[in-house]
Amino acid sequence: MTGAIRKLLIANRGEIAVRIIHAAKKLGISTVQIVSEADREMLAARIADEVIEVGPPAAAKSYLNVGNVLEALRRSGADALHPGYGFLSENAEFARAVTDLGCIFVGPDAETIERMGDKVNARRAAIEAGVPVVPGSDGRLDDPQAALKLAGEMGYPVMIKAAAGGGGRGIRVVRNADELATAVPQAMAEARAAFGDDGLYMEAYIEDARHIEVQILGDGETVVHLFERECSLQRRRQKVWEEAPAVALSAEMRSELCASAVRLAQSVNYRGAGTMEYLYDPLRKAFYFIEMNTRIQVEHPVTEMITGIDLVREMLLIAGGAKLSMAQEQIHCDGHAIEVRINAEDPARNFLPSPGPIDRLQIPNGEAVRFDTGFDAGSRVPPYYDSLIGKLIVKGGSRAEAIERLGQALEELDVGPIATTIPLYRTLARNADILDGSVSTQWLERWLSDKKLAP
Amino acid sequence: MTIKTIEAMLPGVIYLSSSPDAAPFKTAGDRVAAGETVALVEVMKSFLPVEADADGIFLGYSVENESNIEPGETVCQIEAV
């Protein structure tokens, strides 16, 4: 195959760097790992063929330092760069600079990152591709009659706020036409007082929203989906527990959702791995596109577990010029997979960061259990980067079986002496709401504020 | 009068002002109240406050802005009143 990657620079750290090195080695690609001064001894640096230091510990001075990373790429002689997730993975200018050096950026081209990475542009692309977005007033509403008419079309509840206000300020949730008739004049008066402008913005209010996302792969011509993941369990908008397939979807809804993601990716001739994120409204029984991530995601292993497809391998092959190695009909969803993120945070102390030494690292094994990590016993979790130590992924024939296996694996998993989020997941794996899947994106924070975790 | 030492509890990067353009939290001679933030430590993408543990007069920082800090390292000193 022409253009195949021979030498790959990994512009990331931790578990995803290890994951990328493993995929590269299986393809016979040699690897160059960049490290900050704080990461010289990390696992990825020890298993890579070469290591290049790119700066001091602070990410802004090393992994996010475009000049230093590009210099490392030039010096390494690598012909491709994998950005992983976070850091420079969705930086269009960086992607362009990599290409300008004559190297392959493992991901979509800079124009696609610009287009799909911007929320407003991506929303427009979704509407053009016939993919539903959260219904709202197209621009400002200036009179109560118009508001009533629109709310009638969207269905209640709706949310209104000042068009001129930013963030969550002055948001009102309205549940029926009578409430709306009272709320609109009040909100207009308040908006006039606060911003000197009484224009309002209205949007469908999604109660108990669930976060569902679709994994896609494209080669620039053809796009396939690898089914969906559900990531409704979040704290401070950070996903903590992800699973595939989603709990709440009917078969029809699932195929509609996945087809919409393929349509949208196809409309931009998407190349590489990507994820379309949606909110699912259990009340309206509808899904709405919110944004796209133009890179590999932390939770990609749950998709790999149910499909048997190595997503990072596919990314490397596509970036090297190959066409998709499988057709849609060859991709099947088998069983149920769950991933939990093991973070260096203390759930008993409001998730206080707990960087420091890992002296004990006992990893569960067994059928259908996977643990992706950037650390091993004797490592130190540095304070400079995110708190992810590793990801525990399990698979079962059914969701119930997957949760049971997760509980068993969590009993075996032991990381210390630093505090981790393992106790949180041991408790969650026994929780009735989680067992029957009745959760939303707000569930975990509500539950945490009601509960004291056992130490 | 007692001189109190305020130490970092967690490792990370220390910031002596609330944003790059802002003035430092305290300058020598300022009054400090117990519980007041005198610095921030960035640890794992979170910014955690370093708080004074007594009322007093601020004597000065012992660390450079944006330097790496280890637990137990002195951040600043306060003369308790």
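Just so you know, all these numbers are worked out from the coordinates, no wet-lab data involved. Owing to the predicted nature of the structure, the values given are computational and were not obtained by experimental measurement. Backbone-built Cβ (ideal geometry, glycine too); neighbour counts: all protein chains shown.
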(request) Starting from the amide H of residue A:104, placed 1.01 Å from N in the peptide plane, find each other amide H under 5 Å away whose residue is 5 or more places distant or on another chain. (result) A:80, A:81
(message) What does the charge count around residue A:397 come to, taking other residues whose C-beta lies under 15 Å from its C-beta (Lys +1, Arg +1, Asp -1, Glu -1)?
(response) -2
(request) Sequence neighbours fewer than 8 away in the same chain don't count; with that in mind, list the aspartates and glutamates whose C-alpha is under 14 Å from residue A:161. (result) A:138, A:142, A:143, A:190, A:197, A:198, A:203
(request) Between beta-carbons, use under 14 Å as the cut-off and find the net charge around residue B:32, counting Lys and Arg +1, Asp and Glu -1. (result) -3
(request) Using amide H atoms built 1.01 Å from N in the peptide plane, name the residues 5+ places from residue A:5, or on other chains, whose amide H lies under 5 Å from its own. (result) A:320
(request) Go through A:285/A:451; A:239/A:323; A:239/A:451 and tell me which ones have a Cα-Cα distance over 25 Å in this structure. (result) A:285/A:451; A:239/A:323
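How large is the charge dipole for the stretch A:202-302, taken about the Cα centre, if only the Cβ atoms of Lys, Arg (+1) and Asp, Glu (-1) carry charge, to the nearest 20 debye?
On the way: 12 positive and 16 negative charges, 45 e Å.
Dipole magnitude for the stretch A:202-302 comes out near 220 debye.
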(request) Restrict the search to the stretch A:154-226; then list the GluC sites (Glu not before Pro) that DSSP places in a loop and that have at most 12 other Cβ atoms within 10 Å of their Cβ. (result) A:221
(request) Based on a Kirkwood Rh over C-alpha pairs, give the Stokes-Einstein translational diffusion coefficient of chain A at 4 °C and viscosity 1.567 mPa s in µm²/s. (result) 55
(request) For chain A, calculate the relative contact order in percent as a whole number, restricting contacts to Cα pairs under 8 Å that are 6 or more residues apart. (result) 15
(message) Taking just the alpha carbons, could you work out the radius of gyration and Dmax for the stretch A:135-204, both in angstroms?
(response) 10.6, 29
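Using Cα pairs closer than 8 Å and at least 6 residues apart in sequence, work out the relative contact order for the stretch A:1-117, in percent.
Taking the mean separation of contacting Cα pairs over the length of the stretch A:1-117, I get 25 percent.
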(message) Using Cβ counts within 10 Å as a stand-in for footprinting exposure, how do A:385, B:15 rank, fewest first?
(response) B:15, A:385
(request) Any chance you could tell me what percent of the C-alpha pair distances in the stretch B:2-80 go past 20 Å? (result) 22
(message) With only alpha-carbon pairs counted, each pair once and no self-pairs, how large is the Kirkwood hydrodynamic radius of the stretch A:345-447 in angstroms?
(response) 14.7
(message) If you split all Cα-Cα distances of the stretch A:66-201 into 5 Å bins from zero, what percentages do you get per bin, shortest first?
(response) 2, 9, 15, 13, 10, 9, 8, 8, 8, 7, 6, 3, 1, 0
(request) Taking the Cβ of each residue in A:31, A:441 as the centre, tally the other Cβ atoms inside 10 Å and list the residues starting with the fewest. (result) A:441, A:31
(request) Would you mind checking which residues have amide H under 5 Å from residue A:384's amide H? H placed 1.01 Å from N; only 5 or more apart, or other chain. (result) B:44
(request) Measure out, as a whole number of angstrom, how far apart the alpha-carbon centroids of the stretch A:335-411 and the stretch B:35-73 sit. (result) 31
(request) May I ask you to derive the relative contact order of the stretch A:259-362, considering only C-alpha pairs under 8 Å and at least 6 residues apart, and to give it as an integer percent? (result) 18
(request) Starting with the fewest neighbours, write out A:313, A:237, A:6, A:405 ranked by other beta-carbon atoms found within 10 Å of each beta-carbon. (result) A:237, A:6, A:313, A:405
(message) I'd like the trypsin sites (Lys or Arg not before Pro) in the stretch B:10-81 restricted to DSSP loop residues with at most 15 other Cβ atoms within 10 Å, sorted by number.
(response) B:45
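Plugging the Kirkwood radius over Cα pairs into Stokes-Einstein for the stretch A:166-233, at a temperature of 25 °C and a viscosity of 0.890 mPa s, what D comes out in µm²/s?
After rounding, the answer is 156 µm²/s.
Mean residue ellipticity at 222 nm from the helices of chain A, using -39,500 (n - 2.57) per DSSP H segment of n ≥ 4 over the full residue count, to the nearest 500 deg cm²/dmol?
Calculated from helices alone, the mean residue ellipticity at 222 nm is -10000 deg cm²/dmol.
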